[in-house]
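Chemist: Attaching a single structure in structure tokens format; questions to follow.
The values are calculated or read from the model by the stated rules, or taken from the named source; none is laboratory data. What you are looking at is a predicted structure, and each value in this text was computed from that prediction instead of being measured. With ideal geometry, Cβ positions are generated from the backbone for all residues, glycine too; neighbour counts draw on all protein chains shown.
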Amino acid sequence: MRLKTEKERVAVLRIASEIVGAAGTYLREREFVEILPVLLSPITDPLHHETYAGAVDYYGAPYQLTKSMIFHKQIALRTLPRLFCFSPNVRLEPAERASFGRYLAEFVQLDLEVREASRDEVIELGEGLVVAVLKAVVARCADELALLGRNLRIPTAPFERVSYAEEAARFGEPFDDALSATLSAPAWVIDFPRRVREFYDREDPRRPDVLLDMDLVYPEGYGEALSGGEREFELERILDRLRRDAIPESRFAAYLSMVREGIPRSAGFGIGVERLTRYVAGLDRIEDARLFPKVPGDTRAI
Ligand code: AMP
Ligand code: MG
């Protein structure tokens, strides 16, 4: 649906607020510590797809607006074993992406990371988190869901797992929307090929070019929910991945010096808050999921 009334907008904002509260409670109850977001840094996520660089002149040094806190999460794990952050990300996505209804140029990720965790462990955590959030919304926002005409089904864990290679053979690439349209409950896509992901996603030591990562895909055509996986943490392997992806080491000098000192083995993921709100509230377009949305290309945004 598209929002038509102020009452509907209030209902969505109450649902979004419940989502943020329930997710934070779920994680705090599991000994996660919330850290504050970083907005400016010489290093940020290179991302696999092109976005315009959001650069800032930081006392004469070129700093970037955060595209994700991946590197800061890995470094922060030296201090805290389980952490999360509601992290504002700025990704100046190509304007053509506005038509998909699920991209914003500024959005918030619930980004989390766990020291010494495997992919299976963070998959289980993700399932618990999504189910807990949906249950909280159904229990506490029944009137809001009714006003929006949303009949939200609560899935049961474990969610189905499908492999990237099989889905790519079935639908072609990219396939998240086509897969999502066939689903009636969220499902995991696992084992992405190296060519479609970033250098920090851990390559399976037994299967070259296959990554120990995953996406969660929402049902009913809402598309990708989250991305995550195990991370590379050893210097030699990271340098090798940079070489193979043709990324100059100088671009990540600040990160590499931390890796040289040592960062922990870990796994984690980031789930987009506006996309989760869109799915929970049953919205056609992501810009209805928050106030002050930045739709890619729309320079009237405030
Ligand atoms: P990524 O690791 O790049 O997949 O980002 C993590 C999550 O953030 C995604 O799975 C989405 O839920 C969300 N996300 C990524 N890019 C955007 C965007 N441009 N607008 C809104 N949400 C996004
Ligand atoms: Mg992703």
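Chemist: Scan (1) within 16 Å of ligand 2 (Cβ to nearest atom); (2) over 21 Å from Pro155 (Cβ atoms); (3) over 13 Å from the mean Cα position of the chain (by Cα) for the single condition Arg260 breaks and write down its number.
Modeler: Tallying (1) within 16 Å of ligand 2 (Cβ to nearest atom); (2) over 21 Å from Pro155 (Cβ atoms); (3) over 13 Å from the mean Cα position of the chain (by Cα), Arg260 fails exactly one: (1).
Chemist: Can Phe107 be described as part of a strand (DSSP E or B) and touching a Leu at 6+ places or on another chain (Cβ under 7 Å)?
Modeler: Values: part of a strand (DSSP E or B): yes; touching a Leu at 6+ places or on another chain (Cβ under 7 Å): no.
Taking the combined requirement at face value, the residue does not satisfy it.
Chemist: Here is a list of conditions, (1) out of contact with any Leu (no Cβ under 9 Å at 6 or more places or on another chain); (2) modelled with pLDDT of 95 or more, and Ala254 meets all of them except one; can you say which number that is?
Modeler: So the condition that Ala254 fails would be (2).
Chemist: Working carefully through the options Arg119, Arg115, Arg82, find the one that is out of contact with any Asp or Glu (no Cβ under 7 Å at 6 or more places or on another chain) and either within 12 Å of ligand 1 (Cβ to nearest atom) or farther than 30 Å from Ile302 by Cα (or both).
Modeler: Values: Arg119 fails: out of contact with any Asp or Glu (no Cβ under 7 Å at 6 or more places or on another chain); Arg82 fails: out of contact with any Asp or Glu (no Cβ under 7 Å at 6 or more places or on another chain).
Testing whether each residue is out of contact with any Asp or Glu (no Cβ under 7 Å at 6 or more places or on another chain) and either within 12 Å of ligand 1 (Cβ to nearest atom) or farther than 30 Å from Ile302 by Cα (or both) leaves just Arg115.
Chemist: How do the strands (runs of 3 or more DSSP E) wholly within region 1-98 filter down when requiring 1 or more residues that are touching a helix residue (DSSP H, G or I) at 6+ places or on another chain (Cβ under 7 Å): which remain? Spell out the reasoning first.
Modeler: Details: elements: 55-58, 61-65, 82-90.
The strands (runs of 3 or more DSSP E) meeting that bar are 82-90.
Chemist: OK, next. So, in region 278-302, how many residues would count as being surrounded by 14 or more Cβ atoms within 10 Å (Cβ to Cβ), charged (D, E, K, R) and touching a helix residue (DSSP H, G or I) at 6+ places or on another chain (Cβ under 8 Å)?
Modeler: Here the count works out to 4.
Chemist: For region 199-221: of the residues being of a type outside the set (A, V, I, L, M) and within 10 Å of ligand 1 (Cβ to nearest atom), which is surrounded by the most Cβ atoms within 10 Å (Cβ to Cβ)? Spell out how you get there, then give the answer.
Modeler: Initial filter on region 199-221 (of a type outside the set (A, V, I, L, M)): 199-209, 213, 215, 218-221.
From what's left, within 10 Å of ligand 1 (Cβ to nearest atom): 201, 213, 215, 218.
Working: Asp201: 22, Asp213: 27, Asp215: 21, Tyr218: 24.
If we take residues in region 199-221 being of a type outside the set (A, V, I, L, M) and within 10 Å of ligand 1 (Cβ to nearest atom), then Asp213 is surrounded by the most Cβ atoms within 10 Å (Cβ to Cβ).
Chemist: Across region 195-211, which residue is nearest to Asp120 (Cα to Cα) among those that are within 15 Å of ligand 2 (Cβ to nearest atom), in contact (Cβ under 8 Å) with a residue 24 or more places away in the chain and in contact with a strand residue (DSSP E or B) (Cβ under 7 Å, 6 or more places away or on another chain)?
Modeler: If we take residues in region 195-211 being within 15 Å of ligand 2 (Cβ to nearest atom), in contact (Cβ under 8 Å) with a residue 24 or more places away in the chain and in contact with a strand residue (DSSP E or B) (Cβ under 7 Å, 6 or more places away or on another chain), then Asp201 is nearest to Asp120 (Cα to Cα).
Chemist: Now for a separate question. With more than 16 Å from ligand 2 (Cβ to nearest atom), surrounded by 16 or more Cβ atoms within 10 Å (Cβ to Cβ) and at pLDDT 95 or above as the only criterion, which of Arg265, Arg275, Arg231, Arg237 stands out? Give the steps one after another, and end with the answer.
Modeler: On the way: Arg275 fails: more than 16 Å from ligand 2 (Cβ to nearest atom); Arg231 fails: more than 16 Å from ligand 2 (Cβ to nearest atom); Arg237 fails: surrounded by 16 or more Cβ atoms within 10 Å (Cβ to Cβ).
From the options Arg265, Arg275, Arg231, Arg237, the qualifying one is Arg265.
Chemist: To continue, here is another question. Of everything in region 183-192, what is away from ligand 2 (no atom under 14 Å from the Cβ) and either in a strand (DSSP E or B) or closer than 22 Å to Lys67 by Cβ (or both)? Give them in sequence order.
Modeler: Initial filter on region 183-192 (away from ligand 2 (no atom under 14 Å from the Cβ)): 183-187, 191.
Ala187, the sole residue that qualifies.
Chemist: Also, I was wondering about something else. Go through (1) closer than 18 Å to His72 by Cα; (2) among the small types (Gly, Ala, Ser); (3) touching a strand residue (DSSP E or B) at 6+ places or on another chain (Cβ under 9 Å) one by one and return the number of the condition Gly223 breaks.
Modeler: (1)
Chemist: Taking interchain pairs and intrachain pairs at least six residues apart, which have beta carbon atoms under 6 angstrom, with the first residue in region 261-275 and closer than 10 Å to Phe107 by Cβ and the second part of a helix (DSSP H, G or I) and among the small types (Gly, Ala, Ser)?
Modeler: Close Cβ pairs satisfying both conditions: Glu274/Ala289.
Chemist: Quick one: what pairs do we get from region 141-155, first residue without any contact (Cβ under 8 Å) to a residue 24 or more places away in the chain, second not charged (D, E, K, R), C-beta under 7 Å, 6+ apart or different chains?
Modeler: Note: pairs meeting the criteria are Ile154/Val131; Ile154/Leu134; Ile154/Val138.
Chemist: If we scan region 240-247, do we find a residue that is within 23 Å of the chain's Cα centre (by Cα), within 29 Å of Ala23 (Cα to Cα), more than 16 Å from ligand 2 (Cβ to nearest atom) and part of a loop (DSSP other than H, G, I, E, B)?
Modeler: So the first thing to find is which residues in region 240-247 are within 23 Å of the chain's Cα centre (by Cα), and the list is 241-242, 245, 247.
Now narrow it down to the ones that are within 29 Å of Ala23 (Cα to Cα): none.
Within region 240-247, not a single residue is within 23 Å of the chain's Cα centre (by Cα), within 29 Å of Ala23 (Cα to Cα), more than 16 Å from ligand 2 (Cβ to nearest atom) and part of a loop (DSSP other than H, G, I, E, B).
Chemist: For Ser163, state whether it is of a type in the set (Ser, Thr, Tyr) and within 16 Å of ligand 1 (Cβ to nearest atom). Give the steps one after another, and end with the answer.
Modeler: Details: of a type in the set (Ser, Thr, Tyr): yes; within 16 Å of ligand 1 (Cβ to nearest atom): no.
No; evaluated as a whole, the condition is false for this residue.
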